[in-house]
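Participant: Below you will find the structure I want to go over with you.
Quick note: the coordinates plus some simple rules give every number you see, no bench work behind them. Remember, it's a predicted structure, so these values are computed and weren't measured experimentally. Note that each Cβ is placed from the backbone with ideal geometry, even for glycine, and that neighbours are counted across all protein chains shown.
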Amino acid sequence: MQNVSPTLAPTSVPDARSTKVIRPPVFNPVSILRRLGEFKAYTDLFLTLSLHRIKVRYKQSVLGIAWAVLQPVSLMLIYIAIFSIVTQMPSEGMPYAVFVYAALLPWTYFSTAVSAATSSLVSHQQMVTKVYFPREILPLSYVVVGIFDFIIATSVLACLMIYYKVAISFIILWVLPILLVETMFIVALSLLFSAIQVQFRDLGFAMPLIMQLWMFATPVVYPLSKVPARFRSLYLLNPMVGVVENFRHVVLQRMSVDVPSLRISFVISAVLLLLSYAYFKHKEATMADVI
Amino acid sequence: MIDLRFDNVSKRYRIRQEDATHHAGWLNKMRSRLGPGKDFWALRDVNFEVRHGETLGIIGHNGSGKSTALKLMASITTPTRGEITIRGRIAALLEVASGFHPELTGRENIFLQGSIIGMRRREIHAKLDRIIDFAEIRPFIDLPVKRYSSGMFVRLGFSIAAHLEPEILLLDEVLAVGDMTFQKKCVERILELSRSGMTIVFISHDLAAVERLCQRAILLERGRVAGEGPVSALTAQYLTRMEPTADDRPAVSERIVKIKSVQFFDESGQASLQFRTGYPLRARIDYEASTEVGPAVFRLHFFGLDERLHCEFVSGVNAAPLAVTAGPGAIEFRCDEIGLQPGIYHMDAKAERPDGSELTVLRRCALIHVGEGKQVHGTFYAPHTWHPVSDTGASSRETSEHLSGII
């Protein structure tokens, strides 16, 4: 049994230890935001878990990584069939395939990440009730998977753009701030929905329906210009409008970004992110009891 | 130096009556989800401290709040009242292999578990080999853990927790699983960690293990601290709280024999529930028969905490069955050297007819604690004697001649 007894260093100097005091949860936004710092100690777990998430997802499926591409591509084919063959949907002078795919890319990132994150806590009941770690790691790891899938699916867009000879310019660099706003929004909803799902499983059941309706409330299969002007201001309150429309503009049409709509998306996402985080952290304290 | 302190800690759980609202509308359902439910206090005003480098045991029966206390220490949930102070990095093994991901390999799971308790990948890397060797699963380390046997699962789970070297280690019923050899290895490892200065909180049903590992223990009862001190001082208190339950199955027919009590006596003839391996034990069963029964056999079954039958005393092994007549009666079993290994055993007392048909049974009529006595290795102690043999080859030839003579 020589493996049992190699030199065992005495545990570190007592004074160097961190002290933690656990008190009953009280709703206090300041102390909640202070807990952001705790996440730093768990970055390794966050990365390990996200990486594993990607591995696990593709480990047991035959098509593996192709699934990241298959979903937006098959949706694209369906929408081409409906909106380009059955009926004529204006696509701002673009071939419909590339027009719809460029919108499906940020949309799929949003819908898959939010849907998966919503059930993330519930599906990891075992972990939540048996070990401690900042719980936001679970929904966030699904957002990382979404980003990963997004990058893989981008390759198809590149092929489509080459095939249809769509030129690009430096304006395309705008995708970075656009994706940042989208990710903020995704994180906000993931935190909010996953925390709600712990208490009300109804949300999980409603998710496919919500996403379906939401997609038609977002300019994915049609351009923003087709939305009647009188509904426009209400319509723009959907943060995904500013994201998807602008994404398509900067990638395909070399049009500079529409700042007002992106600003609306940013402000709503930022406010929602703060509120969701506070709500999540407040609920986190007793999650293990309720789940 | 205090590493862990509970200050007036209480924990309340809300029990919502889901069943009652099963047929109710969604509005009522919603109200029951959000409204106040029935309160259940799992812990009430609990105070204790764990000193630096100490191994503290927490004992108590099911539902006493042991696991809730551990969940609070591990930050899995928060107290309803009071304050918990923790100094140092904590790791908990609440249920062996609970955080495992079935699709990932053993190696990947080691990294996952390690990062859950807040270790860096580099630190885990340094201990990888020791973890794998301790768990004895090197050939399987790159297989997904869902392919592991339950034994391998348990070994890996314990090995990770025992090697990741947190500053405070919480262990919940870790010795309840795994085979004997590995359990022994676990105990040795815990002792080693304890000697190296690690602060350990150990929760177990197994009083013998708590006694071996912990300098001090606290006894929880219905969410309150009922006692604190050396384990041996708490054992008696713990054992007396186990109440006998009569057979709860519906009586097939009128019970004509009733077992009234089961008592135990130690070597000095004192009534006791504490014994030692290899020392005498006497058990007395008092019964009462409503009518003449005729021949009957009494059995006393010793169950371990794993609900396995370890041994039995049975009347009528060396003699004819006892004839039970109407009225009260008693029989006594006597064992000069009990073979049970240290641990806790609970008893069923039974009476049956010689053909095996049951007359009566009294389940969990007693709980005894067997402490270390004549320590031997193996699963049980076999009474034996020894003496030096001074004879040489000549006499052994004599013996074999003698044997061949018989043949």
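Participant: Any idea what the dipole of region A:39-283 comes to, in debye rounded to 20, about its Cα centre with Lys/Arg Cβ at +1 and Asp/Glu Cβ at -1?
Facilitator: 300
Participant: If amide hydrogens are placed 1.01 Å from N in the peptide plane, which non-local residues have theirs closer than 5 Å to the one on B:E221?
Facilitator: Under 5 Å from the amide H of B:E221 lie the amide H atoms of B:A226, each far enough along the sequence or on another chain.
Participant: Under 17 Å from the 7 Å Cα→Cβ point of B:E267, by amide nitrogen: which residues of region B:296-329?
Facilitator: Those under the cut-off are none; the list is empty.
Participant: Taking the Cα centre of the protein assembly as shown as the origin and placing charges on Cβ (Lys, Arg +1; Asp, Glu -1), which of B:G294, A:Y42, B:G57 is farthest toward the positive end of the dipole?
Facilitator: Farthest towards the positive end: A:Y42.
Participant: Something else now. What does the convex hull of the alpha-carbon atoms of region B:246-371 project to on average, in nm²? Each step should come with its number before you reach the end.
Facilitator: Details: hull surface 30.7 nm².
Projected over every direction and averaged, the Cα hull of region B:246-371 covers 7.7 nm².
Participant: Considering the dipole of the protein assembly as shown built from charges on the beta carbon (Lys and Arg +1, Asp and Glu -1) around the Cα centre, which of B:G316, B:I285, A:I264 is farthest to its positive end?
Facilitator: After comparing all options, I get A:I264.
Participant: For region A:143-291, what number results from the quotient of the Cα radius of gyration and 2.2 N^0.38 Å?
Facilitator: Ratio of Cα Rg to 2.2 N^0.38 Å: 1.18.
Participant: If you look at just the Cα atoms of region A:39-283, how large are its Rg and its Dmax in Å?
Facilitator: 18.3, 56
Participant: Calculate the dipole size of region B:246-371 relative to its Cα centre from +1 charges on Lys and Arg beta carbons and -1 charges on Asp and Glu beta carbons; express the result in debye to the nearest 20. Can you show the working numbers first?
Facilitator: Numbers: 14 positive and 18 negative charges, 25 e Å.
The dipole magnitude comes to about 120 debye.
Participant: Let me ask another. Please compare each pair in A:K40/B:K71; A:K281/B:K66; B:K11/B:K66; A:K59/B:K146; B:K11/B:K71 to a cut-off of 18 Å on the Cα-Cα distance and tell me which ones are over it.
Facilitator: Table pairs above 18 Å Cα-Cα are A:K40/B:K71; A:K281/B:K66.
Participant: Sticking with this one: Amide H neighbours of B:T199 under 5 Å, counting only residues 5+ apart in sequence or on other chains, H built in-plane at 1.01 Å?
Facilitator: HN-HN under 5 Å from B:T199: B:G53, B:L169.
Participant: Would you calculate the volume per residue, in Å³, of the smallest convex hull containing every Cα atom of region B:41-118?
Facilitator: Spelled out: Cα convex hull of region B:41-118, divided by residues, is 129 Å³.
Participant: List every residue whose amide H lies under 5 Å from the amide H of B:T80, counting only residues 5 or more places away in sequence or on a different chain, with H placed 1.01 Å from N in the peptide plane.
Facilitator: Amide H to amide H, under 5 Å and 5 or more residues apart or across chains, B:T80 pairs with B:S10, B:K11, B:R12.
Participant: Related question: By DSSP, what percent of the beta bridges with both residues in region B:2-240 are antiparallel, rounded to the nearest 5?
Facilitator: Antiparallel: roughly 55 percent of the beta bridges in region B:2-240.
Participant: Still on this model: Considering all alpha-carbon pairs of region B:2-240, what whole percent are spaced by more than 22 angstrom? Write down the numbers at each step before the final one.
Facilitator: Numbers: 16265 of 28441 pairs.
Distances greater than 22 Å cover 57 percent of the Cα pairs.
Participant: Work out the P(r) tail for the protein assembly as shown: percent of alpha carbon pairs separated by more than 47 Å, whole number.
Facilitator: Cα-Cα pairs in the protein assembly as shown separated by more than 47 Å: 38 percent.
Participant: Also: Quote to one decimal, in nm, the extra length available between B:E188 and B:S232 on full extension: 0.36 nm per residue of separation minus the C-alpha distance between them. Please report the intermediate quantities before stating the final value.
Facilitator: On the way: separation 44, 0.36 × 44 = 15.84 nm, distance 2.05 nm.
Result for the pair: 13.8 nm of gain on full extension.
Participant: Additional query: Taking 7 Å along the Cα-to-C-beta vector as the label spot, tell me the A:V21-B:Q274 distance in nanometres, rounded to one decimal.
Facilitator: 4.0
Participant: May I pose another question? With helices defined as uninterrupted DSSP H runs, which ones in chain A have an alpha carbon span along their own long axis of at least 30 Å and mean Kyte-Doolittle hydropathy of at least 0.5?
Facilitator: Qualifying helices: A:96-118, A:137-163, A:175-199, A:259-284.
Participant: Under the definition of partner shielding as Cβ atoms of other protein chains within 10 Å of a residue Cβ, what is the mean value for peptide A:278-290? Working shown, then result.
Facilitator: On the way: counts 0, 0, 0, 0, 0, 0, 2, 4, 5, 3, 6, 10, 5.
Mean shielding count: 3.
Participant: How many nm separate the modelled label positions at B:A323 and A:W67, each set 7 Å beyond the Cα in the direction of the Cβ?
Facilitator: The two pseudo-label positions are separated by 7.7 nm.
Participant: Would you mind calculating the gained length between A:T87 and A:R232 on full extension (0.36 nm times residue separation, minus the Cα-Cα distance), in nm to one decimal?
Facilitator: Length gained between A:T87 and A:R232: 49.8 nm.
Participant: Please report how far the C-alpha centroid of region B:265-334 lies from that of region B:362-385, rounded to the nearest whole angstrom.
Facilitator: Rounded to whole Å, the Cα centres lie 16 Å apart.
Participant: In what sequence, highest mean first, do A:234-244, A:104-114, A:62-72 appear when ranked by Cβ atoms within 10 angstrom?
Facilitator: Highest to lowest by the protection proxy: A:104-114, A:234-244, A:62-72.
Participant: Need the C-alpha centroid separation for region A:72-118 versus region A:151-170, integer Å.
Facilitator: Taking the Cα centre of region A:151-170 as reference, the centre of region A:72-118 is 15 Å away.
Participant: If you don't mind, there's one more thing I want to ask. How much of the pair distance distribution for region B:77-180 lies past 18 Å, counting alpha-carbon pairs only, in percent?
Facilitator: That fraction is 47 percent.
Participant: Mind ordering B:130-140, A:134-144 by average Cβ neighbours within 10 Å, highest first?
Facilitator: A:134-144, B:130-140
Participant: For region A:39-283, with the dipole built from +1 on Lys and Arg beta-carbon atoms and -1 on Asp and Glu ones, taken about the Cα centre, which of A:L180, A:A66, A:V198 lies farthest toward the positive end?
Facilitator: A:V198
Participant: Ranked by Cβ crowding within 10 angstrom, fewest neighbours first, how are B:K38, A:K59 ordered?
Facilitator: Lowest count first: B:K38, A:K59.
Participant: Tell me, what is the FRET efficiency for B:S290 and B:R334 to the nearest 0.05, using R0 = 22 angstrom and their Cβ-Cβ distance as r?
Facilitator: Details: r = 28 Å, r/R0 = 1.27.
The formula returns an efficiency of 0.20 here.
Participant: When the dipole is taken about the Cα centre of region B:2-240, and only Lys, Arg (+1) and Asp, Glu (-1) are charged at their Cβ, what size is it in debye, to the nearest 20? Don't skip to the answer; put the middle values down first.
Facilitator: Working: 34 positive and 28 negative charges, 143 e Å.
Computed charge dipole of region B:2-240: roughly 680 debye.
Participant: Helix-only estimate, please: 222 nm mean residue ellipticity of chain A, summing -39500 (n - 2.57) across DSSP H runs of length 4 or more and dividing by its residues, to the nearest 500. Working shown, then result.
Facilitator: Values: 14 runs with 192 residues, N = 291.
Taken over chain A, the calculation gives -21000 deg cm²/dmol.
Participant: What is the spin-label model distance, in nm, from B:Q375 to B:D133 if the labels are put 7 Å beyond Cα along the C-beta direction?
Facilitator: If labels sit at B:Q375 and B:D133, their model points lie 2.6 nm apart.
Participant: Also: Calculate the mean, over all residues of peptide A:130-140, of how many other protein chain Cβ atoms lie within 10 angstrom of the residue's Cβ.
Facilitator: For peptide A:130-140, the averaged partner shielding equals 4.
Participant: Counting only other chains, and only Cβ atoms inside 10 Å, what mean value do you get across the residues of B:77-89? Show your work: numbers first, answer last.
Facilitator: Working: counts 12, 10, 5, 3, 2, 3, 4, 4, 5, 6, 7, 8, 6.
Mean shielding by partner chains, rounded to a whole number: 6.
Participant: Right, another one. Give the relative contact order (percent, whole number) for region A:39-283; include only Cα pairs under 8 Å separated by 6+ residues. Let's see the in-between values first.
Facilitator: Working: 274 pairs, mean separation 63.3, N = 245.
Averaging sequence separation for qualifying contacts and normalising by length gives 26 percent for region A:39-283.
Participant: If you don't mind, another one. How would B:F275, B:F40 line up from fewest to most surrounding beta-carbon atoms within 10 angstrom? Could the numbers behind the result be given before it?
Facilitator: Details: B:F275 23, B:F40 12.
With the sparsest Cβ surroundings first, the list reads B:F40, B:F275.
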